[in-house]
Amino acid sequence: MSLDVMALRAQFPILSQQVDGKPLVYLDNAATTQKPQVVIDALVDFYTNCNANVHRGAHHLSDEATRRYELARDRVAQFINANRREEVIWTSGTTESINIVANGLVQKLGTGDEVMVTEMEHHANLVTWQQACKRSGALLKVVPIHDNGELDLAAFDSLLSPRTRLVAFPHVSNALGTVNPIRQLTAKAKAVGAWVLVDGAQGIAHGDVDVQEIGCDFYAFSGHKIFAPTGIGALWGKFAVLDEWPVWQTGGEMIADVEYLSSTWGQLPNRLEAGTPHIAGAIGLGVAVQWFGQLNSADVQSHEQALLASAMEQAQCFDGIRLIGTAAKKVGVMSFLLEGSHPADVGFILDRQGVAIRTGDNCAQPLMKRLGIPGTARASFSIYNTLEEVDRLFDALRKAKMMLA
Ligand code: PMP
């Protein structure tokens with residue numbers, strides 16, 4: 001079996017548009033994925049037929065909104081194999097999910113405690129811990145990477161200690177495409193008694209995420225990286241850990257009993273979900289994971305690997321391309337530099353030819369500094385991309401090379 005890519009493409013209305021008279025080639029999927037018609041329809045249907053606040057009104061619309069919203073939680077819980085539906089906390093995305101954990105951690109850490117991250121972090125999974133350490137007096141340790149973009153596992157081992165209270169790392173690097181050995185890293189961190197947070201922003205759409213099998217305490221991800229709307233995501237956490245994690249925002253929905261001078265908190269998931277949530281977004285995320293979950297994950301991965309292999313092969317034969325990130329285990333992300341030119345200029349010329357890529361520091365400034373580069377151009381592939389589109393990328397790059405020479 002293989003993916004019926006043309007049938008998939010037909011479900012994404014945005015992909016059939018032209019840019020400057022050229023068919024759009026959308027290769028910026030690591031920044032955000034496009035949305036299939038079923039997700040767009042779910043949003044339109046929610047606002048057309050059942051818009052109401054959840055968990056509140058004793059009326060038909062509110063009941064229906066609540067039913068759809070909580071069904072979405074079930075779908076996400078099932079998609080990541082959560083043990084209990086209450087372990088899925090709606091957030092605005094990965095960034096907020098990480099901040100919830102960091103905010104609680106500050107209350108648990110003190111001088112002498114350590115937090116570990118890696119050199120390949122997105123700012124969301126670095127600055128948040130850096131600031132949490134500043135606030136709590138804990139020490140932040142940074143695990144180095146090898147030049148090819150793989151994590152230095154020996155250094156990971158030597159930096160771990162009984163003082164390590166939390167270890168955070170990306171499932172997949174957004175800048176390099178490296179897939180980290182998250183089960184192995186988690187097992188090592190758990191052996192010293194640390195909490196483990198996996199930044200799943202780039203991992204969620206590339207394979208089977210089974211949070212119980214990973215063994216981590218927290219898995220954070222954004223809906224928009226997996227065909228769902230922006231502004232919605234989830235923090236998954238082990239029930240026992242979340243249940244005693246310090247509350248984040250306070251207000252409506254998250255309380256049990258309120259007095260003027262004191263309050264008590266509600267049960268999970270509500271205790272970590274204050275205020276009116278992004279109801280339509282959550283419903284859209286539920287639909288997106290159900291839709292994506294119906295695809296055969298081996299087919300998804302082999303299609304993505306075929307796109308990546310074609311891109312890496314063409315890049316290796318392309319005089320003047322320097323690949324950034326050549327780990328043995330990678331998702332469909334190709335970061336590169338066109339020698340003698342700035343990534344922003346490359347991106348601009350590609351855009352004129354309808355090819356959308358990301359350029360810049362990839363929200364990973366310290367990583368760019370570590371690699372000694374100002375930024376990269378990055379093409380990232382998704383299930384609806386084709387081998388012909390990879391060829392169009394390289395046609396566009398040949399043109400860019402000529403123009404920038
Ligand atoms: N971590 C990684 C690895 C990412 O790629 C991203 C998004 N680029 C984030 C965190 C932050 O995600 P969001 O902006 O959706 O909160």
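Read the figures in this text as sums done on the coordinates, not as results from a lab. Since we're looking at a predicted model, the values are computed, not measured. Cβ sites come from the backbone with ideal geometry, for glycine too, and all protein chains shown count toward neighbours.
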*Taking amide H positions as placed 1.01 Å from N in the peptide plane, with prolines and chain starts having none, which residues 5 or more places from Val355, or on another chain, fall under 5 Å of its amide H?*
Val25
*asked:* Under 8 Å for C-alpha pairs, at least 6 residues apart: give me the relative contact order for the chain, rounded to a whole percent.
replied: 23 percent
*Could you compute the FRET efficiency for Asp147 and Gln267, with r as their C-beta to C-beta distance and R0 at 56 Å, rounded to 0.05?*
0.70
*Ordered by residue, what ³J(HN,Hα) values in Hz, to whole numbers, does region 70-87 give under the Karplus form 6.51 cos²θ - 1.76 cosθ + 1.60, where θ = phi - 60° and Gly and Pro are x?*
6, 5, 4, 5, 4, 5, 5, 4, 5, 4, 9, 6, 5, 6, 9, 5, 5, 7
*If you plug each phi of region 31-44 into the Karplus form 6.51 cos²θ - 1.76 cosθ + 1.60 with θ = phi - 60°, what whole-Hz ³J(HN,Hα) values come out, in order, with x for Gly and Pro?*
6, 6, 8, 7, 10, x, 4, 4, 6, 4, 4, 5, 5, 4
*Pull out the extension gain between Arg163 and Asp208, defined as 0.36 nm times the separation in residues minus the alpha carbon to alpha carbon distance; nm, one decimal.*
13.0 nm
_Lys pairs, the chain - Cα-Cα below 19 angstrom, 8 or more residues apart or on other chains_ = 12
_Cα centroid separation, region 310-365 to region 185-223 (Å)_ = 28 Å
*Say R0 is 30 Å: what FRET efficiency, to the nearest 0.05, do Gln78 and Thr250 get from their beta-carbon distance?*
0.50
*Which of Asp217, Asp147, Asp243 comes first, and how do the rest follow, when ranked by fewest Cβ neighbours within 10 Å?*
Asp147, Asp243, Asp217
*Assuming R0 = 25 Å, can you tell me the calculated FRET efficiency for the pair Leu404 and Ala328, based on Cβ-Cβ distance, to the nearest 0.05?*
0.20
*Specify the angular offset, from 0 to 90 degrees and rounded to the nearest 10, of the alpha carbon long axis of helix 387-404 from the longest principal axis of the alpha carbons in the chain.*
60 degrees
*Would you work out which of Ser341, Leu393, Gln294 lies farthest towards the positive end of the dipole of the chain? Charges go on Cβ: Lys and Arg +1, Asp and Glu -1.*
Ser341
*With charges set only on the Cβ (+1 for Lys and Arg, -1 for Asp and Glu), what does the dipole of the chain come to about its Cα centre, in debye to the nearest 20?*
540 debye
_Computed label-point distance, nm, for sites Glu339 and Lys369 using a 7 Å Cα→Cβ extension_ = 2.8 nm
*In whole percent, what relative contact order does region 110-157 give with Cα contacts below 8 Å and a gap of six or more residues?*
42 percent
*Would you calculate, for the chain, the mean residue ellipticity at 222 nm contributed by helices, counting each DSSP H stretch of 4 or more residues as -39,500 (n - 2.57) and dividing by all residues, to the nearest 500?*
-11500 deg cm²/dmol
